[in-house]
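The values are calculated or read from the model by the stated rules, or taken from the named source; none is laboratory data. The model shown is predicted, which means the values in this text are computed figures rather than measured ones. Counting neighbours? That spans all protein chains shown, and the Cβs are built from the backbone with ideal geometry, glycine included. Heads up: the accessible areas ignore ligands, DNA and RNA and are worked out on the full protein's heavy atoms, side chains in. Shrake-Rupley method; radii C 1.70, N 1.55, O 1.52, S 1.80 Å.
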Amino acid sequence: VLTASYEPSLLGPDAAVFSSGISYSPEYPKPGDIIEITARVHNIGDTPIISGKAFFYYSILPETDLQFIDEILFGAIEPSQHIELTALWDTNPETDPRHYMLTIALLDITPGDIDTSNNTASIDIPFPVELDFFTAQGISNTVNIRWQTISETDNLGFNLYRLKGNKVSPFISYAPVKLNTSLIPGEGSPYDPH
(Lines give C-alpha, C1' and ligand atoms only; values in the text may rest on other atoms or scores of the structure.)
Protein backbone atom coordinates (compact mmCIF):
# COMPACT_ATOMS: atom_id res chain seq x y z
CA VAL A 1 0.00 0.00 0.00
CA LEU A 2 1.41 3.34 -1.02
CA THR A 3 0.30 6.41 0.99
CA ALA A 4 1.16 10.04 0.56
CA SER A 5 0.86 12.82 3.06
CA TYR A 6 1.03 16.54 2.53
CA GLU A 7 0.34 19.74 4.34
CA PRO A 8 -2.37 21.81 2.70
CA SER A 9 -1.19 25.17 1.37
CA LEU A 10 -3.10 28.41 1.58
CA LEU A 11 -5.53 27.95 -1.28
CA GLY A 12 -6.30 31.47 -2.30
CA PRO A 13 -5.08 35.03 -1.97
CA ASP A 14 -4.06 36.31 1.46
CA ALA A 15 -3.67 40.08 1.70
CA ALA A 16 -1.55 41.15 4.65
CA VAL A 17 -0.21 44.38 6.13
CA PHE A 18 2.32 44.49 8.96
CA SER A 19 3.45 47.28 11.30
CA SER A 20 7.01 46.94 9.96
CA GLY A 21 5.71 47.83 6.48
CA ILE A 22 4.16 51.19 7.49
CA SER A 23 6.27 54.35 7.34
CA TYR A 24 5.67 58.10 7.37
CA SER A 25 7.40 61.38 6.63
CA PRO A 26 8.42 63.82 8.11
CA GLU A 27 10.13 61.89 10.89
CA TYR A 28 8.70 64.13 13.65
CA PRO A 29 5.40 65.50 12.32
CA LYS A 30 3.62 68.35 14.05
CA PRO A 31 -0.05 69.38 13.84
CA GLY A 32 -0.45 71.29 10.59
CA ASP A 33 2.09 69.18 8.67
CA ILE A 34 1.21 67.17 5.59
CA ILE A 35 2.23 63.63 6.47
CA GLU A 36 3.08 61.12 3.73
CA ILE A 37 2.09 57.61 4.84
CA THR A 38 3.32 54.53 2.97
CA ALA A 39 1.94 51.04 3.57
CA ARG A 40 3.32 47.84 2.07
CA VAL A 41 0.55 45.36 1.16
CA HIS A 42 1.63 41.72 0.71
CA ASN A 43 0.03 38.68 -0.87
CA ILE A 44 1.18 35.79 1.32
CA GLY A 45 -1.31 33.35 -0.25
CA ASP A 46 -0.76 31.10 -3.24
CA THR A 47 -3.03 32.73 -5.84
CA PRO A 48 -3.12 36.30 -7.16
CA ILE A 49 -5.08 39.11 -5.57
CA ILE A 50 -7.10 40.83 -8.27
CA SER A 51 -8.06 43.97 -6.33
CA GLY A 52 -8.73 45.42 -2.89
CA LYS A 53 -8.99 48.56 -0.80
CA ALA A 54 -6.68 50.00 1.84
CA PHE A 55 -8.14 52.37 4.41
CA PHE A 56 -5.81 54.78 6.23
CA TYR A 57 -6.87 56.04 9.69
CA TYR A 58 -5.44 57.91 12.65
CA SER A 59 -6.37 57.72 16.33
CA ILE A 60 -4.95 58.31 19.77
CA LEU A 61 -5.35 54.67 20.85
CA PRO A 62 -4.79 51.66 18.56
CA GLU A 63 -7.90 50.82 16.52
CA THR A 64 -10.12 52.97 18.78
CA ASP A 65 -12.15 55.98 17.58
CA LEU A 66 -10.53 55.76 14.13
CA GLN A 67 -10.53 58.97 12.10
CA PHE A 68 -10.56 58.53 8.32
CA ILE A 69 -7.57 59.78 6.29
CA ASP A 70 -7.91 58.13 2.87
CA GLU A 71 -9.12 55.09 0.91
CA ILE A 72 -6.88 53.68 -1.83
CA LEU A 73 -7.97 51.09 -4.38
CA PHE A 74 -5.26 48.69 -5.51
CA GLY A 75 -4.92 46.13 -8.28
CA ALA A 76 -3.20 42.81 -8.81
CA ILE A 77 -0.64 41.40 -6.37
CA GLU A 78 0.97 38.10 -7.32
CA PRO A 79 1.73 35.44 -4.67
CA SER A 80 4.85 36.30 -2.60
CA GLN A 81 4.80 39.87 -3.95
CA HIS A 82 3.89 43.24 -2.46
CA ILE A 83 2.91 46.74 -3.52
CA GLU A 84 3.36 50.07 -1.75
CA LEU A 85 0.47 52.47 -1.31
CA THR A 86 0.90 56.12 -0.32
CA ALA A 87 -1.62 58.49 1.25
CA LEU A 88 -1.21 62.16 2.15
CA TRP A 89 -2.69 63.35 5.43
CA ASP A 90 -3.19 67.11 5.80
CA THR A 91 -3.30 67.44 9.58
CA ASN A 92 -5.13 70.25 11.34
CA PRO A 93 -2.96 72.51 13.52
CA GLU A 94 -5.91 73.60 15.68
CA THR A 95 -7.53 70.31 16.61
CA ASP A 96 -5.22 67.35 15.98
CA PRO A 97 -3.39 65.93 18.99
CA ARG A 98 0.40 65.68 19.09
CA HIS A 99 0.37 61.91 19.51
CA TYR A 100 -1.01 59.64 16.81
CA MET A 101 -1.54 56.01 15.97
CA LEU A 102 -1.74 55.19 12.26
CA THR A 103 -3.87 52.21 11.28
CA ILE A 104 -4.08 50.55 7.86
CA ALA A 105 -7.02 48.20 7.19
CA LEU A 106 -7.40 46.01 4.07
CA LEU A 107 -10.94 45.30 2.86
CA ASP A 108 -12.88 44.00 -0.15
CA ILE A 109 -10.09 41.69 -1.31
CA THR A 110 -11.01 39.96 -4.59
CA PRO A 111 -11.21 37.01 -4.82
CA GLY A 112 -12.12 36.42 -1.17
CA ASP A 113 -9.26 36.77 1.32
CA ILE A 114 -8.55 33.43 3.03
CA ASP A 115 -7.19 34.97 6.24
CA THR A 116 -8.41 38.38 7.43
CA SER A 117 -6.57 38.23 10.78
CA ASN A 118 -3.54 39.93 9.17
CA ASN A 119 -5.50 42.68 7.38
CA THR A 120 -4.94 45.42 9.98
CA ALA A 121 -1.75 46.95 11.37
CA SER A 122 -0.97 50.05 13.44
CA ILE A 123 2.11 52.06 14.30
CA ASP A 124 2.79 54.82 16.80
CA ILE A 125 4.11 58.24 15.76
CA PRO A 126 6.29 59.50 18.61
CA PHE A 127 5.90 62.82 20.36
CA PRO A 128 8.15 65.61 19.09
CA VAL A 129 7.94 66.86 22.69
CA GLU A 130 7.88 64.39 25.58
CA LEU A 131 6.37 65.78 28.77
CA ASP A 132 7.50 64.80 32.26
CA PHE A 133 4.52 66.51 33.91
CA PHE A 134 1.79 69.05 33.19
CA THR A 135 -0.20 70.53 36.06
CA ALA A 136 -2.95 73.13 36.37
CA GLN A 137 -3.82 74.54 39.79
CA GLY A 138 -6.78 76.85 40.40
CA ILE A 139 -5.95 79.88 42.55
CA SER A 140 -8.86 82.29 43.10
CA ASN A 141 -9.95 83.36 39.57
CA THR A 142 -6.77 82.21 37.82
CA VAL A 143 -5.11 78.95 36.88
CA ASN A 144 -1.38 78.37 37.40
CA ILE A 145 0.00 76.03 34.71
CA ARG A 146 3.39 74.31 34.97
CA TRP A 147 5.05 71.70 32.79
CA GLN A 148 8.43 70.13 32.25
CA THR A 149 9.72 68.39 29.14
CA ILE A 150 11.90 65.29 29.18
CA SER A 151 13.03 65.92 25.60
CA GLU A 152 12.20 68.19 22.67
CA THR A 153 12.86 67.70 18.95
CA ASP A 154 13.09 70.89 16.86
CA ASN A 155 10.66 72.57 19.26
CA LEU A 156 10.14 76.22 18.39
CA GLY A 157 7.69 76.72 21.26
CA PHE A 158 4.32 76.13 22.88
CA ASN A 159 0.78 77.41 22.57
CA LEU A 160 -1.77 76.88 25.33
CA TYR A 161 -5.42 76.20 24.58
CA ARG A 162 -8.54 75.92 26.71
CA LEU A 163 -11.63 73.89 25.86
CA LYS A 164 -15.14 74.98 26.70
CA GLY A 165 -17.46 72.35 28.20
CA ASN A 166 -16.82 68.64 28.65
CA LYS A 167 -14.43 66.74 26.43
CA VAL A 168 -16.38 63.70 25.24
CA SER A 169 -13.82 62.33 22.79
CA PRO A 170 -10.06 62.73 22.29
CA PHE A 171 -10.97 64.39 18.99
CA ILE A 172 -12.34 67.90 19.26
CA SER A 173 -15.02 68.95 16.82
CA TYR A 174 -14.62 72.68 17.51
CA ALA A 175 -11.66 75.05 17.74
CA PRO A 176 -10.24 75.47 21.26
CA VAL A 177 -9.52 78.94 22.64
CA LYS A 178 -5.84 79.98 22.44
CA LEU A 179 -4.64 81.52 25.74
CA ASN A 180 -1.20 82.96 24.91
CA THR A 181 -0.77 85.94 22.57
CA SER A 182 2.77 85.02 21.51
CA LEU A 183 4.63 81.72 21.24
CA ILE A 184 6.05 80.43 24.54
CA PRO A 185 9.67 79.64 23.58
CA GLY A 186 10.81 76.02 23.43
CA GLU A 187 14.33 74.75 23.91
CA GLY A 188 14.99 73.52 20.35
CA SER A 189 16.34 69.96 20.59
CA PRO A 190 17.69 69.36 24.10
CA TYR A 191 17.95 65.88 25.55
CA ASP A 192 17.60 67.00 29.16
CA PRO A 193 14.59 68.29 31.16
CA HIS A 194 13.42 71.91 30.78
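Taken per residue, the accessible surface of the range 20-95 reaches 52 Å², heavy atoms only and a 1.4 Å probe. For Ile150, the residues whose modelled amide H falls within less than 5 Å of its own, excluding neighbours fewer than 5 places apart on the same chain, are Glu130, Leu131, Asp132. Placing a pseudo-label 7 Å from each Cα along the Cα-to-Cβ vector at Glu187 and Glu71 gives an inter-label distance of 4.6 nm.
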